[in-house]
Ligand code: RB5
């Protein structure tokens, strides 16, 4: 699986810490920045990762900012993006099983690294259940199409 990963200055440390775990999970990643702790604007990096997921150039994405809220707002503007902000691994797992989430958003200033690693592991190891959940996702797609007309 190939993913795009991105963050703002509040997420750089956590991003760098989870890259080795991605390798261990056999996930190929492209880092869309930011790459240092100089203050920057999260929409610039959320946009790059969400665009890559929305266009299909990568399979999934990971975004990190301070609370995860800004990145979630940006990512969920993009067609076919289902970004899930997760602070614990149960929600990460459920976001895959039921919502087929394709961007994982982590709150770099809210959770510790061990929790982040547990979330990442669950999220990459869990597959979408389909069935009745697909019908619900189809309804979201219909709403998206109606609003974009
Ligand atoms: C940056 O200070 C902070 O606002 C950002 O990382 C994020 O938490 C926004 O939602």
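Taken together, 111, 103 contain a single residue that is over 16 Å from residue 16 (Cα atoms) and either modelled with pLDDT of 95 or more or surrounded by fewer than 17 Cβ atoms within 10 Å (Cβ to Cβ) (or both), which is 103.
With respect to the numbered conditions (1) touching a strand residue (DSSP E or B) at 6+ places or on another chain (Cβ under 7 Å); (2) buried (at least 19 other Cβ atoms within 10 Å of the Cβ); (3) at negative phi, which one is the sole condition not fulfilled by residue 68? So residue 68 meets the others, but not (3).
Among the residues of the stretch 133-149, the ones that are closer than 23 Å to residue 89 by Cβ and loosely packed, with under 14 Cβ neighbours inside 10 Å come to 1 in all. Among the residues of the stretch 77-92, those identified as surrounded by 15 or more Cβ atoms within 10 Å (Cβ to Cβ) and within 16 Å of the ligand (Cβ to nearest atom) are 83, 84, 85, 86, 87. Test residue 68 against the criterion of being within 16 Å of the ligand (Cβ to nearest atom) and closer than 26 Å to residue 24 by Cβ, and give yes or no. Answer is yes for this residue. Yes or no: residue 74 modelled with pLDDT of 95 or more, surrounded by 15 or more Cβ atoms within 10 Å (Cβ to Cβ) and not in a helix (DSSP H, G or I)? Answer is no for this residue.
The residues of the stretch 93-149 that are part of a loop (DSSP other than H, G, I, E, B), in contact with a helix residue (DSSP H, G or I) (Cβ under 8 Å, 6 or more places away or on another chain), more than 16 Å from residue 75 (Cα to Cα) and more than 16 Å from the ligand (Cβ to nearest atom), listed by number, are 98, 126, 127, 128, 129.
Yes/no per residue for (1) surrounded by 14 or more Cβ atoms within 10 Å (Cβ to Cβ); (2) in contact with a helix residue (DSSP H, G or I) (Cβ under 6 Å, 6 or more places away or on another chain):
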site	(1), (2)
10	yes, no
18	yes, yes
21	yes, yes
26	no, no
39	no, no
44	yes, no
49	yes, no
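The values are calculated or read from the model by the stated rules, or taken from the named source; none is laboratory data. Quick caveat: nothing in here was measured; it's all calculated off a predicted structure. Every residue, glycine among them, receives a Cβ derived from its backbone with ideal geometry; neighbour counts consider all protein chains shown.
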